[in-house]
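Asks: This is the structure, below, for whatever I ask next.
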Amino acid sequence: MEVNFELEKIQDAALKLLSAAGSYKVIALHGEMGAGKTTLIHALCRAMGIKDVVTSPTFSIINQYKTAKGQTVYHMDLYRIKNENEAMSAGVEDCLYSGEICLVEWPEKAPGIFPDDTLHIYISSVDNNTRKLKINL
C-alpha cells in the first residue's frame, strides 16, 4: 500500500496508518535523514492520545509514553546504535518483545532482532511539502 500526503495533513495520514496497522505492535519506520520519521511518530502518538511531550530519543535510544487508555508505547531511535548486540544491551529487544506498541526509527541498524510480525513502513520525501509512505502489510 502506498500513500502520499502533504505535511499539513500528517494527522490524517497517521490515523489511516494506525487503522491499516491493525494488530501490529512493532512498527519500523525506514527513511533517509529528514524524510519525516520523527514527525510521523509525533502524529501517531497524538492519534493514540498520548499527552506527554514526544521527543526524539536519539541520545536516550528509548522513550516511553502512555496513551490516554494507559497503554505503554515505546519510541526508539536506533540511529546511534552500531550493531544488534549494542541494541540488545540498550534494552531494545526487551521492548520489541514486550507486547507493547513500539515505534522504531532506523530499524536497519539492528534488523535481526525484530519480530517476524513487524510492520515495515518506508517514508520518503516527494518534495518539500509531500511525503510518500510505502507500507508492507
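The values are calculated or read from the model by the stated rules, or taken from the named source; none is laboratory data. All figures in this text were calculated on a predicted structure; none of them were measured in a lab. Cβ placement follows ideal geometry from the backbone for every residue including glycine, while neighbour counts extend to all protein chains displayed. Heavy atoms of the whole protein, side chains included, go into the accessibility calculation; ligands, DNA and RNA do not. Shrake-Rupley method; radii C 1.70, N 1.55, O 1.52, S 1.80 Å.
Asks: How many nm is it between the label spots at Arg80 and Ser125, if each spot is 7 Å from the Cα in line with the beta carbon?
Replies: For the pair Arg80/Ser125, the computed spacing is 2.3 nm.
Asks: Using only the alpha-carbon atoms, how far is helix 10-21 inclined from the longest principal axis of the chain? Give it as 0 to 90 degrees, nearest 10.
Replies: Once rounded, the angle reads 60 degrees.
Asks: In addition: Rounding to the nearest 20 debye, state how big the charge dipole of the stretch 30-78 is about its Cα centre with +1 on each Lys and Arg Cβ and -1 on each Asp and Glu Cβ. Please list the in-between numbers first.
Replies: Working: 5 positive and 3 negative charges, 54 e Å.
It works out to roughly 260 debye.
Asks: Please list 3J(HN,Hα) in residue order for the stretch 63-77, calculated via the Karplus relation 6.51 cos²θ - 1.76 cosθ + 1.60 where θ = phi - 60°; whole Hz, with x for glycine and proline.
Replies: Couplings: 10, 10, 10, 10, 6, 4, 8, x, 7, 7, 10, 9, 10, 10, 10 Hz.
Asks: Roughly how many debye, to the nearest 20, is the charge dipole of the chain about its Cα centre, given +1 on each Lys and Arg Cβ, -1 on each Asp and Glu Cβ, and no other charges? Mind dumping the intermediate values first?
Replies: Details: 14 positive and 17 negative charges, 75 e Å.
Dipole size: approximately 360 debye.
Asks: Right, another one. I'd like the accessible area for Phe5, computed on protein heavy atoms only with a 1.4 Å probe and all protein chains in place. Round to 10 Å², please.
Replies: So the heavy atoms of Phe5 present about 10 Å² to solvent.
Asks: Continuing with this model, one more query. Compute the distance from the alpha-carbon center of the stretch 98-137 to that of the stretch 78-93, in whole Å.
Replies: 16 Å
Asks: While we're on this one: Could you do me a favour and compute the accessible area per residue for the stretch 1-119, 1.4 Å probe, result in Å²?
Replies: Working: 6080 Å² over 119 residues.
Averaged over the residues of the stretch 1-119, the accessible area is 51 Å².
Asks: Separate question: Can you give the extra length, in nm with one decimal, that the chain gains between Asp12 and Tyr97 once fully stretched, where that is 0.36 nm per residue apart less the Cα-Cα distance? Display every interim value, and only then the final one.
Replies: On the way: separation 85, 0.36 × 85 = 30.60 nm, distance 2.85 nm.
My answer for the length gained is 27.8 nm.
Asks: Moving on to the next point. Once Lys and Arg get +1 and Asp and Glu get -1 on their Cβ, which of Val26, Ala47, Ile135 lies farthest toward the positive end of the dipole of the chain?
Replies: Of Val26, Ala47, Ile135, it is Ala47.
Asks: Now for a different question. Report in % the part of the accessible area of the chain that belongs to carbon and sulfur, leaving out ligands and nucleic acids; probe 1.4 Å. Mind dumping the intermediate values first?
Replies: Values: 3440 of 7120 Å².
About 48 percent, which is the carbon plus sulfur part of the accessible surface.
Asks: Counting only Cα atoms, I'd like the Rg/Rh figure for the chain, Kirkwood definition for Rh.
Replies: Dividing the radius of gyration by the Kirkwood radius yields 0.93.
Asks: Another one. Between Ser124, Gly99, Ile10, whose Cα lies farthest towards the positive end of the dipole of the chain when Lys and Arg beta carbons carry +1 and Asp and Glu beta carbons carry -1, centred on the Cα centre?
Replies: Positive-end residue among those listed: Ile10.
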